[in-house]
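Written below as structure tokens is the structure these notes are about.
The values are calculated or read from the model by the stated rules, or taken from the named source; none is laboratory data. All figures in this text were calculated on a predicted structure; none of them were measured in a lab. Counting neighbours? That spans all protein chains shown, and the Cβs are built from the backbone with ideal geometry, glycine included.
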Amino acid sequence: MKQTFYYTAGGVVLLCLAPFIIGEVYLNLLIEIIIYSLYALSFNILLGYGGLLSFGHSVFLGVGAYVTGIILLRAPDFPFLAVILISGLGTLVLGLGLGSLLLKQTGPAFALLTLAFNGIFATIAIKWKSVTGGDDGICIFRPTINLGAILLDTTDVTVFYYLCLVLIGGLTFLLWRFTKTAMGHTVLLLRENEGRMPFLGYNPALARLILFTLSATVAGIAGSFYMLFFGTVAYNIIGVEMTAIALLMTFIGGVGMFFGPLLGAAFYTYVQNLLSGITNKWPFFMGIIFILMVLYQPKGLIGIFSGLVSRIGSLKRRTSQEPHSGGPIR
Amino acid sequence: MSQIIIFGLHGLTYAGLLFLIASGLTIVFGMMRILNFAHASFYMLGAYLSYTLFLKTGHFWVCLIVSPALLFLIGVLVERVLIRKVHSLGLVYDLLLTFGLGYVLGEIVKWIWGTMPLSVKVEGFLAGSLTLLGITYPVYRLFILLVALGIGIGLALILFKTNLGIIIRASVDDSEMCNALGINIPLIFGGVFGFGVALAGFAGVMAGPLLTISTDMANMVLLDAFVVVIVGGLSSLGGAVLASLIIGQLQSFGALLIPEVSMVLIYVLMALVLIFKPSGLLGKKG
């Protein structure tokens, strides 16, 4: 526990100092990683904690991005934080609606349905040209933040980086706290033994709906940041490819581990950046890594990492202990 | 009037193709409880293999036999090497694994054949068209329809009328007991999975001359096939027939009457089925 705290604290300090250490190119990459971590995190709360495999997760990322884009296209001076908040609220409502419809099914049927709803939203994004811009998509500029005394120019990379770090970091912390609350533990029951929940007085359907809505909201906020960062969105944000990214990041990092997706997002984005310069076959290698993780290392990179740490620790203390349990997903 | 008949026939043709794809999916799920997410990728692989075979041999018939045979071997191999490892871990792991497999297969196809669309041309009798009662229609489309009909009947006969069908169905119900009775369960499961994959490849070969062979053909058909399976009921072969017919007609007449929103129609159908009969039109409860 203490170890985890030190690692986290060290990571936070490094992230805060990053703009002074690395150049603008890598700072942009780091922003991308942070935004993708939030997206992967939202996917992991659904799959890793609730045991729900969704192939339509990109719907919420896309809707969040589109809401942000549409607002800023119509009103370029709309308050920065309000845009993010409205996007999050939008996907919250959408998540609640879709969740109450889709969660009648679980397992493979649920996965298929989410995929089909992915198709519906992709079609809407292409066909509803007057709002979504159709094939061309939407382009926007980041609004400035006016705090009365100070004006924050968000088009500056460093400023935007700190904004992302503080806001997404704060949200990540809140989510981490959530997993430690009674509700967070209830959600784990869904994954571990759903049949027993009603006997203990819990309502699995309600817990699942809350989890789905939470995950949708967080993905929507990630989408909002995505839009603010890239400044452009097109219909292909809602699709199997974007959902695949969430899946790959989550599994490479470690499914069911809170910090797994963060590591996965960093690994994925960095390796993609590295490999795409050398070969255009990089998705192939990502796919192979994914399959290997599913087959042999469901706890992902975090599992490998903490396995090494505990092995070193046990050499010292001669006691081996499993640092954290990811648990099987059903 | 003749236009309505032609669009009806278009719908039937597409239904035939959809059934060819969905039947493999349904059988594998119904028999083994494995939802093969890579199914559409195997369909694509079948189409691409048929392109290469067609270049080498020049006969469409060769593709129609050799390509599914190759895919059968690939399917058996995949089941033995990959799926057997995770199958005991639960349904979601099968999905994840086959999802990754589909992803990798898509990349392999891009790697080998490139991203340019390719086409296969049928020769001789199949390339012509037939005129009946003042309506001219391509023979190849009718051929797809007939083949789908034949495969459907053949599958039903094998599963419900032969010894092999009885063994397969029994293995599904109680695999341990069947194993104890001296039936080689791993062999049966490998065979069923390989057969499902071969069906996907067969559908791919059939689709080649009708549609273009491209790297997004898997994604284009993936959703339709899954909608067929959901609407029909996850493990019901009869449901797959019914749903294919409905969706084929919806697609065809949707494109004729309301082209802007035709794509949404099948999803609306799916949502309705989900709300009123979550187990699918002909699916069993639970």
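Give the number of residues within the range B:81-91 that are in a helix (DSSP H, G or I) and touching a Pro at 6+ places or on another chain (Cβ under 8 Å).
Step one: list which residues in the range B:81-91 are in a helix (DSSP H, G or I), which gives B:81-89, B:91.
With the extra rule that they be touching a Pro at 6+ places or on another chain (Cβ under 8 Å), the set shrinks to B:84, B:89, B:91.
The qualifying residues number 3.
Quick one: residue B:241 ticks every box in (1) in contact with a Leu (Cβ under 6 Å, 6 or more places away or on another chain); (2) in contact (Cβ under 8 Å) with a residue 60 or more places away in the chain; (3) over 12 Å from residue A:116 (Cβ atoms) except a single one, so which number is it?
Unmet for residue B:241, out of (1) in contact with a Leu (Cβ under 6 Å, 6 or more places away or on another chain); (2) in contact (Cβ under 8 Å) with a residue 60 or more places away in the chain; (3) over 12 Å from residue A:116 (Cβ atoms): (1).
Take the range B:255-285 and flag every residue that is without any contact (Cβ under 8 Å) to a residue 24 or more places away in the chain, within 9 Å of another protein chain (Cβ to nearest Cβ) and not in a loop (DSSP other than H, G, I, E, B).
The answer is B:263, B:264, B:268, B:271, B:275.
Restricting attention to helices (runs of 4 or more DSSP H) lying wholly within the range A:1-101, give those where 1 or more residues are buried (at least 20 other Cβ atoms within 10 Å of the Cβ).
Correct list: A:24-44, A:58-74.
List the residue pairs whose Cβ atoms are under 8 Å apart, where the first residue sits in the range A:4-23 and is farther than 16 Å from residue A:159 by Cβ, the second is small (Gly, Ala, Ser) and in a helix (DSSP H, G or I), and the two are 6 or more positions apart or on different chains.
The qualifying pairs are A:12/A:169.
From the list B:207, B:218, B:198, B:203, exactly one residue is within 13 Å of chain A (Cβ to nearest Cβ) and among the small types (Gly, Ala, Ser). Which is it?
Working: B:207 fails: within 13 Å of chain A (Cβ to nearest Cβ); B:198 fails: within 13 Å of chain A (Cβ to nearest Cβ); B:203 fails: within 13 Å of chain A (Cβ to nearest Cβ).
After ruling out the rest, the residue left standing is B:218.
Given the conditions (1) farther than 29 Å from residue A:129 by Cα; (2) surrounded by 22 or more Cβ atoms within 10 Å (Cβ to Cβ), and given that residue B:282 satisfies all but one, which numbered condition is not satisfied?
The failed condition is (2).
Can you tell me which residue among B:188, B:230 is away from chain A (no Cβ under 14 Å) and either crowded, with 23+ Cβ neighbours inside 10 Å or over 14 Å from the mean Cα position of the chain (by Cα) (or both)?
Numbers: B:230 fails: away from chain A (no Cβ under 14 Å).
None of the other options fit; the residue is B:188.
Could you check, for the range A:274-286, whether at least one of its residues is within 14 Å of chain B (Cβ to nearest Cβ), more than 26 Å from residue B:92 (Cβ to Cβ), buried (at least 19 other Cβ atoms within 10 Å of the Cβ) and out of contact with any Leu (no Cβ under 9 Å at 6 or more places or on another chain)?
no
Within the range B:252-273, restricting attention to residues that are within 16 Å of residue B:225 (Cα to Cα) and touching a Lys or Arg at 6+ places or on another chain (Cβ under 9 Å), which residue is surrounded by the fewest Cβ atoms within 10 Å (Cβ to Cβ)?
So the residue we want is B:264.
Test each condition in (1) hydroxyl-bearing (Ser, Thr, Tyr); (2) surrounded by 12 or more Cβ atoms within 10 Å (Cβ to Cβ); (3) more than 8 Å from chain A (Cβ to nearest Cβ) for residue B:93 and report the one that comes out false.
Answer for residue B:93: the failing condition is (3).
Can you pull out every residue in the range A:125-157 that is free of Cβ contacts under 8 Å to residues at least 24 places away in the same chain, part of a loop (DSSP other than H, G, I, E, B) and touching a helix residue (DSSP H, G or I) at 6+ places or on another chain (Cβ under 8 Å)?
If the condition is that a residue be free of Cβ contacts under 8 Å to residues at least 24 places away in the same chain, part of a loop (DSSP other than H, G, I, E, B) and touching a helix residue (DSSP H, G or I) at 6+ places or on another chain (Cβ under 8 Å), then A:153 is the only one that fits.
Which of the following residues is more than 18 Å from residue B:205 (Cα to Cα), surrounded by fewer than 24 Cβ atoms within 10 Å (Cβ to Cβ), among the hydrophobic types (A, V, I, L, M, F, W, C) and within 14 Å of another protein chain (Cβ to nearest Cβ): B:109, B:78? Give the steps one after another, and end with the answer.
Details: B:109 fails: more than 18 Å from residue B:205 (Cα to Cα).
Being more than 18 Å from residue B:205 (Cα to Cα), surrounded by fewer than 24 Cβ atoms within 10 Å (Cβ to Cβ), among the hydrophobic types (A, V, I, L, M, F, W, C) and within 14 Å of another protein chain (Cβ to nearest Cβ) holds for just one of B:109, B:78, which is B:78.
Mind listing whichever residues of the range B:232-254 are within 19 Å of residue B:148 (Cβ to Cβ), in a helix (DSSP H, G or I) and not hydrophobic (A, V, I, L, M, F, W, C)?
B:232, B:238, B:239, B:244, B:248, B:249, B:251, B:252
Output the residue which, of all residues in the range A:176-220 that are among the charged types (D, E, K, R) and modelled with pLDDT under 85, is farthest from residue A:8 (Cα to Cα).
Applying the first criterion (among the charged types (D, E, K, R)) to the range A:176-220 yields A:177, A:180, A:191-192, A:194, A:196, A:208.
Imposing the further condition that a residue be modelled with pLDDT under 85 reduces the set to A:191-192, A:194, A:196.
Working: A:191: 26, A:192: 27, A:194: 32, A:196: 35 Å.
Here the residue is A:196.
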